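Q: Below you'll find the structure I mean.
The values are calculated or read from the model by the stated rules, or taken from the named source; none is laboratory data. Since the structure is predicted, the reported quantities are computational estimates derived from the model, not experimental observations. Don't worry about glycine lacking a Cβ; one is built from the backbone with ideal geometry, like all the others, and counts go over all protein chains shown.
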Amino acid sequence: MKLLHSSDFFPSRSASVVIEPREPQQAFPEHHHDFYEIVIVEQGAGVHVFNGNPYTLNSGCVCFVRDHDRHLFEQTDGLILTNILFRTPGTFRFVSGVEQFLPRERDGIYPAHWRINHQVLQQVKQLIALLMSAPTGDQPEDIALHESWFMQLLVQLWRGCMARQGDDQEGRLHQLLDWLQNHYAEQVEWSELAERFAIPLRTLHRQLKSHTNMTPQRYLTHLRLLQARHMLCHSDSSITDIAFRCGFGDSNHFSTLFKREFTCPPRALRGSR
């Protein structure tokens, strides 16, 4: 697994934050780095495999990566994102409390993936534009200003994550996406979900397609197949058991869908371990 070094990205020892646009982001193998990172997804879709677990990406997703986390990008489809690289939170010279606005691990769970709405995304992009110009020297006033912009960005993301729980339609759609990520194996009736999240059914279909580039049922199948692949790689459960645990009623149909998605049958992936 490749280790990315801060010396290859930060222009100087005094620089605390660096912006790395990816337009588009290509598939990238598993790696980790000796710095922290915030990934802002602006457009497109993809899969973020974070510490071995797959998460779907689409516009408005925010991913937080610590210096000991391992991750990779795959199945990128026009994925445009911005990587905000920053040094260990306690090493900033002019701002403190950076860690207060980052996800906090509880009971071994690190909530690394957030969602923000379109309005917050536009506000964040304005701050990213300011951060694009990293200090070229060691002047304290330049470094302090740069660090203050980064702190503003963290606060905007924090507030945006809290606001996504709001009662507007975009907030409810984000809640629905989070629900699907956690309940992919359950029997899903789209009309019932539309009522549960107070989104008209036709609007739900239209907005899910807009956010994921997939129909709702195709997106649900995609989530199930990603989790199945993870279980094939990291458990000793049988292929049939994994198929049922991931929401597929028929193991033969599961194998057909799996091969269509990943170009190899489940047994081939299991045999490569």
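Q: So which of Q175, Q187, Q181 ends up being under 23 Å from L223 (Cα atoms), in contact with a Ser or Thr (Cβ under 8 Å, 6 or more places away or on another chain) and either assigned to a loop (DSSP other than H, G, I, E, B) or of a type outside the set (F, W, Y) (or both)?
A: Q181
Q: Return the residue satisfying two criteria in turn: it lies in the stretch 2-31 and is under 17 Å from E74 (Cβ atoms) and hydrophobic (A, V, I, L, M, F, W, C), and of such residues it is modelled with the lowest pLDDT.
A: Here the residue is A27.
Q: Only residues that are within 13 Å of H222 (Cα to Cα) and part of a helix (DSSP H, G or I): list them for the stretch 244-254, please.
A: If the condition is that a residue be within 13 Å of H222 (Cα to Cα) and part of a helix (DSSP H, G or I), then F254 is the only one that fits.
Q: Return the only residue of L145, L121 being assigned to a helix (DSSP H, G or I) and within 24 Å of F10 (Cα to Cα).
A: It is L145.
Q: For E147, only one of the following conditions fails: (1) over 15 Å from I19 (Cβ atoms); (2) surrounded by 13 or more Cβ atoms within 10 Å (Cβ to Cβ); (3) in contact (Cβ under 8 Å) with a residue 60 or more places away in the chain. What is its number?
A: E147 satisfies every listed condition except (1).
Q: Scan the stretch 208-243 residue by residue and report those that are touching a Leu at 6+ places or on another chain (Cβ under 9 Å), surrounded by fewer than 16 Cβ atoms within 10 Å (Cβ to Cβ) and outside any helix (DSSP H, G or I).
A: Hit for the stretch 208-243 is T215, nothing else.
Q: Conditions: (1) out of contact with any Leu (no Cβ under 6 Å at 6 or more places or on another chain); (2) touching a residue at least 12 places away in the same chain (Cβ under 8 Å); (3) under 30 Å from F101 (Cα atoms). H183 meets all but one. Number of the miss?
A: Single failed check for H183: (2).
Q: How many residues are farther than 19 Å from R229 by Cβ, among the aromatic types (F, W, Y) and either surrounded by 15 or more Cβ atoms within 10 Å (Cβ to Cβ) or in the same structural domain as L232 (by TED's automatic domain parsing) (or both) when one looks only at the stretch 52-105?
A: Qualifying residue count, the stretch 52-105: 4.
Residue-by-condition table, conditions (1) in a strand (DSSP E or B); (2) more than 24 Å from T136 (Cα to Cα):
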{"residue": "F10", "(1), (2)": "no, no"}
{"residue": "R13", "(1), (2)": "no, no"}
{"residue": "P21", "(1), (2)": "yes, no"}
{"residue": "P24", "(1), (2)": "no, yes"}
{"residue": "H32", "(1), (2)": "yes, yes"}
{"residue": "S59", "(1), (2)": "no, yes"}
{"residue": "I80", "(1), (2)": "yes, yes"}
{"residue": "I84", "(1), (2)": "yes, no"}
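This table checks each residue for (1) modelled with pLDDT of 95 or more; (2) in contact with a helix residue (DSSP H, G or I) (Cβ under 9 Å, 6 or more places away or on another chain).
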position	(1), (2)
P135	no, yes
I143	no, no
M151	yes, yes
Q165	no, yes
L177	no, yes
T212	no, yes
L220	yes, yes
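Q: Mind checking which residues of the stretch 194-207 are surrounded by fewer than 18 Cβ atoms within 10 Å (Cβ to Cβ) and closer than 22 Å to H113 by Cβ?
A: Once the filter is applied, which keeps residues that are surrounded by fewer than 18 Cβ atoms within 10 Å (Cβ to Cβ) and closer than 22 Å to H113 by Cβ, the stretch 194-207 yields R196, F197.
Q: If you go through the stretch 129-144 one residue at a time, how many are out of contact with any Pro (no Cβ under 7 Å at 6 or more places or on another chain) and surrounded by fewer than 17 Cβ atoms within 10 Å (Cβ to Cβ)?
A: 11
Q: I'm trying to understand the selection: among the residues of the stretch 194-226, which are among the polar types (S, T, N, Q) and within 11 Å of T56 (Cβ to Cβ)?
A: Matches in the stretch 194-226: T212, N213.
Q: Then there's this: Which one is surrounded by the most Cβ atoms within 10 Å (Cβ to Cβ), of the residues in the stretch 1-36 that are touching a Phe, Trp or Tyr at 6+ places or on another chain (Cβ under 7 Å) and not β-branched (V, I, T)?
A: S16
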